[in-house]
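Here is the structure we will look at.
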Amino acid sequence: MNPPLILIIEDEKALRINIADIVAHYGFPVISAPSGEEGVKIALERKPDIIICDIMLPGIDGYDVLAHLKQSPQLVSTAFIF
């Protein structure tokens, strides 16, 4: 069984890289996005198993990201952590 794919949505570059490094250190594949819009696009394309999302993002915020993704049948049950 493959480890779960984790998507990190965080606008602060240093924090995004730090979280991705920590997650990758434990053997999880990681993808990341610098904005809510890009995070939604990546999630719809890649179908991650877990999404870690900042709440305060430029453009669409974390709550809007969650609302968009819950409209997708493939992502409705995806684990989402603010």
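Numbers for the structure displayed
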quantity: CD proxy at 222 nm, helix term only [per DSSP H run n ≥ 4: -39500 (n - 2.57); per residue of the chain; nearest 500]; calculated: -11500 deg cm²/dmol
quantity: Accessible surface of the chain [probe 1.4 Å, protein heavy atoms]: carbon and sulfur percent; calculated: 58
quantity: Theoretical gain in end-to-end length, M1 to I81 [0.36 nm per residue, Cα-Cα removed]; calculated: 26.5 nm
quantity: Cα convex hull volume per residue for the chain (Å³); calculated: 77
quantity: Residue order for Y63, Y26 - accessible surface, 1.4 angstrom probe, largest first; calculated: Y26, Y63
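The values are calculated or read from the model by the stated rules, or taken from the named source; none is laboratory data. Quick caveat, the model's predicted, so the values are computed rather than measured. To get the accessible areas, we keep the full protein, side chains included, count just its heavy atoms, and leave off ligands, DNA and RNA. Shrake-Rupley method; radii C 1.70, N 1.55, O 1.52, S 1.80 Å.
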